[in-house]
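Every number here is computed from the coordinates shown, using simple stated rules; none is lab data. Since the structure is predicted, the reported quantities are computational estimates derived from the model, not experimental observations. As a convention, Cβ positions derive from the backbone with ideal geometry for all residues, glycine included, and neighbour counts pool all protein chains shown.
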Amino acid sequence: DSGVTQTPKHLITATGQRVTLRCSPRSGDLSVYWYQQSLDQGLQFLIHYYNGEERAKGNILERFSAQQFPDLHSELNLSSLELGDSALYFCASSATGSYGYTFGSGTRLTVV
Amino acid sequence: EDQVTQSPEALRLQEGESSSLNCSYTVSGLRGLFWYRQDPGKGPEFLFTLYSAGEEKEKERLKATLTKKESFLHITAPKPEDSATYLCAVLYTGTASKLTFGTGTRLQVTL
């Protein structure tokens, strides 16, 4: 157990639907990062939050959004889902001043 | 464009057969290079961080080294449990804390 908790582990949904992925960072970590991993593109950075504030954005689609709450957990919202959104979505956290990430076990999203 | 390239894409070794994985990068202002291990369907697990050319880190059968343009992950006398995908990532100036990952090397160690 890495200390980073992601739920749900698996999600199967239909095209056009909306889903929410949840992440609880390691205790004490203020930074949360979201990555998408698909077979052909490896780990792609989506977004970074630090203590509730957005710090950096990657190639995140407009259909995707995220937030970090006062208790530091984060949610990634994916809407108008397409088949190509099927992937593993990972959350990672890090401590202030540390560059090393600790990853969660991921959410496998399947869009049918 | 800043890039991280890993080679080979896949590697099959017999138990005890040592080898090296390569990670080359073309980034400006490297602040750190990271190695992770990922098992199928699981999140990447941190192995090493290297910050400057000439630096080396070791852990059990793994040893990571860094030059100005590339890093090597040396695997000495591997065992079947070392089978996994090994990911390299870089952190460079101007990207806050965002890690840029390579696509990984899939290592299979057979008996």
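In straight-distance terms, cross-link reach from A:Lys57 covers every one of the aspartates and glutamates whose alpha-carbon lies under 12 Å from its own, apart from those fewer than eight places away in the same chain; here that gives an empty set. Give me the lysines in straight-line cross-link reach of A:Lys9: C-alpha distance below 19 Å, same-chain residues under 8 apart excluded. Correct list for A:Lys9: B:Lys42. Looking at region B:20-78, the chymotrypsin sites (Phe, Trp or Tyr not before Pro) that sit in a DSSP loop and have at most 14 other Cβ atoms within 10 Å of their own Cβ are B:Tyr51.
Mean separation of Cα pairs under 8 Å and 6 or more residues apart, divided by the residue count, gives region A:1-40 a relative contact order of 44 percent.
Remark: region B:3-98 projects, on average over all directions, an area of 6.1 nm² (convex hull of Cα atoms). Across region B:97-111, the residues whose backbone nitrogen lies under 15 Å from the label position 7 Å along the beta-carbon direction of B:Gln14 are B:109-111. The alpha-carbon of B:Lys98 sits under 14 angstrom from the alpha-carbons of these aspartates and glutamates, leaving out residues fewer than 8 places away in its chain: A:Glu54, B:Asp2.
If R0 equals 25 Å, the separation of the Cβ atoms of A:Leu83 and A:Thr7 corresponds to a calculated FRET efficiency of about 0.60. Applying 1/(1 + (r/R0)^6) with R0 = 22 Å to the Cβ-Cβ distance of A:Ser38 and B:Glu70 gives a FRET efficiency near 0.30.
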